[in-house]
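Chemist: What follows is a structure written as structure tokens; I'll ask about it next.
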Amino acid sequence: MHFVRLLSAALLAVPIGLAAAAQSEPAHVYAEHCASCHGADRLGAMGPALLPENLERLRKAEALKVIRDGRPATQMAAFGAKLSTDELQQLADWIYSPVTPRPDWSEAQIRASRIEHVKNSDLRAAPVFLADMMNLFLVVEAGDHHVSILDGDKLERIHRFPSRYALHGGPKFTPDGRYVFFCSRDGWVSKFDIWNLKTVSEVRAGINARNLAVSADGKYVAVANYLPNTLVLFDADLDLIKVIAAKNLRGDVSSRVSAVY
Ligand code: HEC
């Protein structure tokens, strides 16, 4: 009797021990505490993507601090009280490790990501405010992800609006000065109508983007991606025209696209 009880206790101990080890795996901690905002696949959702490419400009020690203490005045809460020091460190290491297989961003995903905030037919064909349209300043506020439009004559703010997380590569204008396009670190492209002071449409061109260019006639937008290795072409409504894979002729070597002009 004694022997049987000991044996069952020993048997019980094994699965519990395994379960405890599995629980503290960073992938599990992530799934429980982070995936709802940063995406199950780490590609981002309400919160930014957490992939090595996307975190290039954030030191790991800084990431650990963000996870432990949160970011004030944002949705990013502090996890220092919920997770152990080991779990925090493992999570910080894990988000800098590559996802395998390498995540892709297909034409279907690009098309499905497109958001039309305002119909072209609902936009006024003249500016809704008084200023010299060819003398405006756009100020990209990197810290809190907003953009301000300033009157270039008076240096007064006309409008301020939220942007996507971490804009990259500078805003690009159409030649008539009406529209401006922004590209975010996580591959989001936003088209903003300066005359109407409205974000018109958005699309996610990739998972990690460097910059975008607008053609001289204002009809095309090209986006340079690090992840995946593509150059993506849109028309001025941000409808996808073509994805160009940055590959050699044999197709066996691909390259990140650093910038497009
Ligand atoms: C409720 C949503 C939410 C949850 C849950 C959440 N985050 Fe965040 N996280 C955010 C947002 C939003 C930001 C961007 C904050 C800002 O504007 O700077 C962020 C930022 C971050 C950053 C900084 C990224 C950068 O590029 O600067 C890291 C690292 C991070 N989160 C890791 C985590 C980890 C790890 C977890 C789970 C333990 C987690 N987050 C849980 C919403 C969330």
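Chemist: Which pairs turn up if I take residues in segment 135-152 that are within 11 Å of the ligand (Cβ to nearest atom) and look for partners that are charged (D, E, K, R) and part of a strand (DSSP E or B) with beta carbon separation below 7 Å, at least 6 apart in sequence or on another chain?
Modeler: Taking only residues 6 or more apart or on different chains, the pairs are His146/Arg160.
Chemist: Could you pull out every one of the strands (runs of 3 or more DSSP E) wholly within segment 148-235 that has 1 or more residues that are of a type in the set (Ser, Thr, Tyr)?
Modeler: 179-183, 188-193, 198-204, 220-227, 230-235
Chemist: Same structure again: Is segment 248-258 home to any residue that is crowded, with 18+ Cβ neighbours inside 10 Å and among the aliphatic types (A, V, I, L, M)?
Modeler: yes
Chemist: Of the numbered conditions (1) of a type in the set (Val, Ile, Thr); (2) loosely packed, with under 13 Cβ neighbours inside 10 Å; (3) modelled with pLDDT of 95 or more, Ile149 satisfies every one except a single condition; which is it?
Modeler: Among (1) of a type in the set (Val, Ile, Thr); (2) loosely packed, with under 13 Cβ neighbours inside 10 Å; (3) modelled with pLDDT of 95 or more, Ile149 violates only (2).
Chemist: Could you say which residue among Arg204, Arg164, Arg178 is within 16 Å of the ligand (Cβ to nearest atom) and either touching a residue at least 12 places away in the same chain (Cβ under 8 Å) or surrounded by 21 or more Cβ atoms within 10 Å (Cβ to Cβ) (or both)?
Modeler: Going through Arg204, Arg164, Arg178 in turn, the sole match is Arg164.
Chemist: Show me the helices (runs of 4 or more DSSP H) found entirely inside segment 19-120 where at least 2 residues are touching a residue at least 40 places away in the same chain (Cβ under 8 Å).
Modeler: Per the criteria, 26-33, 85-95, 107-113.
Chemist: Here is a list: Gln90, Gln109. Which entry is within 15 Å of the ligand (Cβ to nearest atom), within 27 Å of the chain's Cα centre (by Cα) and not basic (Lys, Arg)?
Modeler: Residue meeting the stated conditions: Gln90.
The values are calculated or read from the model by the stated rules, or taken from the named source; none is laboratory data. Computed from a predicted model, the values in this text were never measured in an experiment. Cβ sites come from the backbone with ideal geometry, for glycine too, and all protein chains shown count toward neighbours.
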